[in-house]
1. Using 0.36 nm times the number of residues separating M1 and E78, minus their current alpha carbon distance, what extension gain do you get?
2. Taking the chain as a Gaussian network, where each spring joins two C-alpha atoms under 10 Å apart, which residue of S39, S12, S28 fluctuates the most?
3. Taking 8 Å as the Cα distance limit and 6 or more residues as the minimum spacing, I'd like the relative contact order of the chain as a percentage.
4. Of V20, V47, V64, which has the largest mean-square fluctuation in a 10 Å C-alpha GNM of the chain?
5. Suppose only helical runs count, i.e. DSSP H with n ≥ 4. What mean residue ellipticity at 222 nm does that imply for the chain under -39500 (n - 2.57) per run, divided by all residues and rounded to the nearest 500 deg cm²/dmol?
6. Could you derive backbone 3J(HN,Hα) for the stretch 10-27 from the dihedral phi with the Karplus parameters 6.51, -1.76 and 1.60 (θ = phi - 60°), listing whole Hz in sequence and x where the residue is Gly or Pro?
7. Around A86, under 13 Å between beta carbons, what's the net of Lys plus Arg minus Asp minus Glu among the other residues?
8. How much area per residue is accessible in the chain when the probe is 1.4 Å and only protein heavy atoms are counted (Å²)?
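The values are calculated or read from the model by the stated rules, or taken from the named source; none is laboratory data. Just so it is clear, the structure is predicted and the values come from calculations on it, not from any experiment. Heads up, the Cβs are rebuilt from the backbone with ideal geometry, glycines too, and the neighbour counts pull from every protein chain shown. Areas reflect the complete protein model, heavy atoms only, side chains present, ligands, DNA and RNA absent. Shrake-Rupley method; radii C 1.70, N 1.55, O 1.52, S 1.80 Å.
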Amino acid sequence: MAKYLLVHPVGSGIDMEPAVPTLKLLKSKLNADAYWLKSWYSDEQGVMYCLWDAGSKEAISKMVKEVLTATGYPLPVEGPYKIDVAIDSEDFR
């Protein structure tokens, strides 16, 4: 499985409460082909970054599109972008 990054330019000052039903549906649909690992939100940039483990970009795109269509949540999506190299600071002790 490869790691992928989804970028969501959502703007600053977002309220996560309206996204809860979408995130719960997404969590219920995760599988071995596309698995959401975690997300980070930067209010300063107005961007949410989501890390995925997946067999392909298409598997992530399909799942995200299906969930957003089902819930009608207006989440902009850029990517997925494959992460080719991961660098951990612990590798340089």
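1. My answer for the length gained is 25.7 nm.
2. S28
3. After rounding, I find 43 percent.
4. V20
5. That calculation yields -8500 deg cm²/dmol at 222 nm.
6. In residue order, the calculated couplings are 9, x, 7, x, 6, 9, 6, 4, x, 7, 4, x, 5, 5, 5, 5, 4, 4 Hz.
7. So the surrounding residues net to -3.
8. With the other protein chains kept in place, the chain gives 67 Å² per residue.
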